[in-house]
Amino acid sequence: MKIKRNGRIGALIKILCENPNKIFTLSYFTNKFNAAKSSISEDIVVAKKIMEDLELGKIETIAGAAGGVKYIPFIGKSESKEILESVCNKLSESQRIIPGAFLYMADIIYNPSIVRKLGQILATQFIGEDIDYVVTVETKGIPIALMTANALNVPLIILRRDSKVTEGSTVSINYLSGSTGKIQTMSISKRAIKNGANVIIIDDFMKAGGTAKGMMDMMREFEANVVGIGVMIATKEPENKVVKDYIPLLVLEKVDELNEKVYIHPNEDLI
């Protein structure tokens, strides 16, 4: 069945966007659309321009025998600003304040349409890096870490609070949680990560950085290289956290229980 150019371009963009950072050969599309390579090459040029003009990400061509085409999710600063300010507005609602100066965030953390965009913003910060895994610790960091892993097209590794029999032999370490001030444990199957891998650490919240430091310590057990750390929200205080060079999407300055106000803003470096 012959498919007209507009149909091919639409289908090509859909396939690439649903498989970010996966390389498709030209032969894949020639077979799927029953079209010549020259026609597919022209389709890719048109699709690439559409995506770039609308700032919907990048379509990149790779030369050589093992080459092809892939889609790179990319969110520019203008769209990042719009998304992050929208999330800030939601989190600034006074009814979200929970006794103890905590914020209710579950409806945002588990909202696919919101967390997918946040994951793409984090993934954008690591474009060009050779990432093997995204690493997080259960449980609230899982959604944003999964969306970041999806955008980078790499596996997600979840560090458990308790080891599971179904995971076989595990590695466990103790760490000091910066938010609770308590000693906690995290564990991971010895089969989960290959030695010497490049990883990024993603979490939902950072106060002093104790949990992120624990994840970094765990990665050293596998001789893994931590390329970077990204978090959805980091508190302004304490300024001197136990980890450096982390990327927060949002910065929480203060939760004023008495006046029912939340002071939170996007990371200015991202907008």
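The values are calculated or read from the model by the stated rules, or taken from the named source; none is laboratory data. As the structure is a prediction and not an experimental result, all values here were calculated from the model. Here the Cβ is made from the backbone with ideal geometry for all residues, glycine too, and neighbour counts use every protein chain on show. All accessible areas refer to the heavy atoms of the entire protein, side chains included, with ligands and DNA or RNA removed. Shrake-Rupley method; radii C 1.70, N 1.55, O 1.52, S 1.80 Å.
Data overview
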read-out: Selection within the stretch 51-76 - exposed (fewer than 13 other Cβ atoms within 10 Å of the Cβ) and in a helix (DSSP H, G or I); value: ASP53
read-out: Some residue of the stretch 224-241 being charged (D, E, K, R) and farther than 25 Å from ALA106 by Cβ; value: yes
read-out: Whichever residue in the stretch 226-251 is aliphatic (A, V, I, L, M) and open to solvent by 20 Å² or more (accessible area, probe 1.4 Å) and, among such residues, is farthest from SER80 (Cα to Cα); value: VAL242
read-out: Per-region count, the stretch 228-249, residues out of contact with any helix residue (DSSP H, G or I) (no Cβ under 9 Å at 6 or more places or on another chain) and either more than 20 Å from THR148 (Cα to Cα) or in a loop (DSSP other than H, G, I, E, B) (or both); value: 8
read-out: Scan of the stretch 78-123 for residues that are open to solvent by 70 Å² or more (accessible area, probe 1.4 Å) and in contact with a Lys or Arg (Cβ under 7 Å, 6 or more places away or on another chain), ordered by number; value: TYR104
read-out: Single unsatisfied condition, VAL154 versus (1) touching a residue at least 12 places away in the same chain (Cβ under 8 Å); (2) open to solvent by 30 Å² or more (accessible area, probe 1.4 Å); value: (2)
read-out: Contacts under 8 angstrom Cβ, first residue in the stretch 209-221 being over 15 Å from ALA192 (Cα atoms) and free of Cβ contacts under 8 Å to residues at least 60 places away in the same chain, partner acidic (Asp, Glu) and crowded, with 24+ Cβ neighbours inside 10 Å, 6 or more apart; value: ALA212/ASP203
read-out: Residues of the stretch 160-217 satisfying the condition of being at pLDDT 90 or above and in a helix (DSSP H, G or I); value: GLY210, THR211, ALA212, LYS213, GLY214, MET215, MET216, ASP217
read-out: Qualifying residue in the stretch 254-262 (condition: in a strand (DSSP E or B), open to solvent by 50 Å² or more (accessible area, probe 1.4 Å) and free of Cβ contacts under 8 Å to residues at least 40 places away in the same chain); value: yes
